[in-house]
Amino acid sequence: MKAFKLINIVLIALLFSACSDLFDVVPQDTLDPSKIDKTKLQQLRNGIYQYIPGGTGAANRDGFVDNGYSRNPWDSHGGIIQKGTINAATNVAYDYSGIRVCNTFIDLTSKMDIDDETAKLVEVYTAESRVMRAWLHANITLFYGDAVIVEELTNDYGQEGVARVGQDEVRKWILRELDEAIAILPVSNDPARFNKAIATAIKARLAYFFGEYKQAEDAARYVIDKGGYALLSGVTSNTGMEEDNEFFSQLVDYSTLGIDKAAFEQGIQNYYSIWHTDGAANTEAIMFKEYEPNEQYGDWTRFASFLPPPLTNYQGWATIVPIQPLVDAYWMTDGTEFSPVDYATINQQFQVLEQKMLDIVNQDGVSEVEAIRQLYASGDLTSDDFMTQFRNRDARLYASIMFPFSSVRAFQEDLFYSYKSTIRNHGESGYTFRKMAASERYDDFGSAWGGGYGVSGVDFPIMRLAEMLLIYAEAHTQTTGYDATVETELNKLRDRLGMPHVPSGLGKTEAIEFIRSERRIEMAGEGLRYFDIRMYEDATRNGGVKGKHAASVVMSDKAYTDISGRVNSVELTWAQRLMLMPIPTTAMDRNSQLKQNDGY
């Protein structure tokens, strides 16, 4: 499966000069179509897949909204989007390079002199290119609204430029392109290449974002029933996760809540393992980006972007971290809503527990981690008031987020997390993402660039079955109502967590609010919430339910310090213009027909 990464980089670079703007010019003599044999055809096809949206970088989009914080402007545009100070000097996602690659492939292969066998391959590969092209156009319209549709390879738009097409027309074209490609794609294709189910899953996601609920419902249903995927469950736990589960179990009142301890602990392991199970063994992954534990094909961001220094022996900068509103969003262990603790109280409780730790450090001359170990061994850690907000919480909170003083032995032997507000590379929130971060203790990893960087070789899921269950649940509720079929799909998520089933008998509005809350929790850190909250805000797409997750509700005039109360980090602001991003000045300068989005 990973052999697909071994492409002819020189050939791809010559042919597909990565032009980010549709006005960039492609060399006219890069490759003679008559000289494309089956080997080169495969290489050209592989080049298209270099542009798959998502991956670890998508987590930065959670730092655009109320899920996360990314403090460095060179890592993410999150700070200026959260604060509402974004302007046309910044290019958030205006990029036609992948679209040009798809069009180049389609253009070249249409000119080949080929036999019938190769013609069948070209038909499928062209359908794959159309899926990718549609997906990349979707990225542009979701960020910018109206968009230029580019269906052919051209190097001459003329001095008059080319106008954007209205977003409704763009989105209809995208869904139509996907339908036509899906009709051609085989049920089974080469590993990690678009087939009928994968392309239909992409359609389900995009139709949902476009507010086309019937299409989203039907597409998600097909993937659920015919895709051959299964939620990852029954995963064998490693020693580090078993030790972490022992810590979490001291925070959960199993007998009082009537929760099966073994099933709940297995649920934490099941969910965490989605990001730590490689390749085909990950039965839940519809699409993933492939990696190998070496300098050429490894993923260094799973160390550097997600981990602070204590949790890795390599570069760890914690450049995207969860924030308090996300922590507060997780359900209680019994599936009921959490009542957030006053934030000033949390700050004070942190400082009190921190001082207990420092007193032991000073009295016994031990490290901070050893002091936390002593507090844990005595029972004083998990019973401390600071742990109130972490008691009896959703299994996915424990699997997804590392919080101060918690056990992190899945990452380093016998380690507890000592958050330092004075060290910027601790992330400046107090929290770090657990589920997506690489583990030196158990993951397939290597070192790179002189040994200073860790690189993960674990494939990273960018679309998974759980998302399809949630899309189906909301889309069906929008079109038909909240019924037993919706409950069945949602309860699949609960069963794999060892948590109680979802409530029955909800009205439409109440059910949609509930499903959107479940979606936020299940998909946290995966880069979807930026699009979600804007869809909920949009009366033309939200199905008549704006609700508590709409952008104007969750982003309006809120500010958060880190958990210690010492670092002013996150400012959330909302204005209607932020429904869309500004078209970059560089693009406006090159195309006289581009009109800037309102408010910029």
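The values are calculated or read from the model by the stated rules, or taken from the named source; none is laboratory data. Keep in mind that this is a model prediction, so the values were computed, not measured. Every residue, glycine among them, receives a Cβ derived from its backbone with ideal geometry; neighbour counts consider all protein chains shown. Accessible surface areas use protein heavy atoms only, side chains included; no ligands, DNA or RNA. Shrake-Rupley method; radii C 1.70, N 1.55, O 1.52, S 1.80 Å.
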Completion exercise
Per DSSP, the loop-located GluC sites (Glu not before Pro) within segment 145-200 having at most 14 other beta carbons within 10 Å are 151, 152, 160
Completion exercise
Simple SL model, points at 7 angstrom along Cα→Cβ for residue 280 and residue 153; separation in nm is 3.4 nm
Fill in the blank from the handout: By accessible area (1.4 Å), largest first, 386, 288 order as 288, 386
Completion exercise
Partner aspartates and glutamates whose C-alpha sits under 17 Å from that of residue 83, ignoring same-chain residues fewer than 8 away, are 62, 66, 75, 428, 557, 562, 571
Handout entry: Solvent-accessible area of residue 40 with every protein chain in place, 1.4 Å probe, in Å² to the nearest 10
Key = 60 Å²
Handout entry: With Cα atoms, 0 to 90° folded angle of helix 213-226 axis to the chain main axis
Key = 80 degrees
Exercise for the section: In nm, give the distance between the simple-model label positions of residue 342 and residue 442, each being 7 Å from the Cα along the Cα-to-Cβ direction. Expected result: 3.9 nm
Practice task
First compute the accessible area of segment 294-368 with a 1.4 Å probe, then give the percent of it belonging to carbon and sulfur atoms.
Solution key: 46 percent
Handout entry: Folded to 0 to 90 degrees: helix 196-209 orientation relative to the chain principal axis, Cα
Key = 70 degrees
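Using a Förster distance of 51 Å, how high is the FRET efficiency between residue 88 and residue 239, based on the Cβ-Cβ distance and rounded to 0.05? Write down the numbers at each step before the final one.
Details: r = 52 Å, r/R0 = 1.02.
Once rounded, the FRET efficiency stands at 0.45.
Probe of 1.4 angstrom, ligands and nucleic acids ignored: what's the accessible area per residue over the chain, in square angstrom? Before the final figure, lay out each step's value.
Working: 21920 Å² over 600 residues.
Value for the chain: 37 Å² per residue.
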Problem - J(HN,Hα) series, segment 353-370, from Karplus relation 6.51 cos²θ - 1.76 cosθ + 1.60, nearest Hz, glycine and proline x - result: 5, 4, 5, 4, 4, 5, 4, 5, 4, 6, 6, 9, x, 10, 6, 5, 5, 5
Exercise for the section: Quick one: which residues, 5 or more positions from residue 416 or on another chain, have an amide H under 5 Å from its amide H? H modelled 1.01 Å from N in the peptide plane, none for Pro or chain starts. Expected result: 408
Fill in the blank from the handout: When all Cα-Cα pair distances of segment 234-314 are considered, the percent exceeding 20 Å is 52 percent
Fill in the blank from the handout: In degrees rounded to 10, the 0-90 angle between helix 97-110 Cα long axis and the longest Cα principal axis of the chain is 40 degrees
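Report the extension gain between residue 598 and residue 110 in nm, rounded to one decimal, defined as 0.36 nm multiplied by the number of residues separating them, less their alpha carbon distance.
Values: separation 488, 0.36 × 488 = 175.68 nm, distance 4.01 nm.
Length gained, residue 598 through residue 110: 171.7 nm.
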Problem - Hits among aspartates and glutamates - C-alpha to C-alpha of residue 35 under 16 Å, sequence gap 8 or more where chains match - result: 107, 113, 115
Completion exercise
Violations at 29 Å Cα threshold for listed pairs 172/226; 111/196; 492/548; 38/172; 214/558; 38/435 -> 38/172; 214/558; 38/435
Fill in the blank from the handout: In terms of the alpha carbon gyration tensor, root eigenvalues a ≥ b ≥ c, rounded if a/c is under 1.5 and otherwise prolate when a/b exceeds b/c or oblate, segment 111-253 is prolate
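Would you mind classifying segment 269-326 by shape? Square roots of the alpha carbon gyration tensor eigenvalues, ordered a ≥ b ≥ c; an a/c under 1.5 is rounded, otherwise it is prolate if a/b is larger than b/c and oblate if not. Please report the intermediate quantities before stating the final value.
Values: a/c = 2.20, a/b = 1.23, b/c = 1.78.
The shape class here is oblate.
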Exercise for the section: Report, by chain and number, residues whose modeled amide H sits under 5 Å from the one on residue 432, excluding near sequence neighbours (fewer than 5 apart, same chain). Expected result: 402
Fill in the blank from the handout: The lysines whose Cα lies under 17 Å from the Cα of residue 546, excluding any fewer than 8 residues away in the same chain, are 508
Problem - Order of exposure, largest accessible area first, which applies to 566, 133 with probe 1.4 Å - result: 566, 133
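Between rounded, prolate and oblate, where does the chain land on the alpha carbon gyration tensor, with a ≥ b ≥ c its root eigenvalues, rounded for a/c under 1.5, else prolate if a/b exceeds b/c? Can you show the working numbers first?
On the way: a/c = 1.64, a/b = 1.57, b/c = 1.04.
Prolate shape, in that a/c is at least 1.5 and a/b is the bigger ratio.
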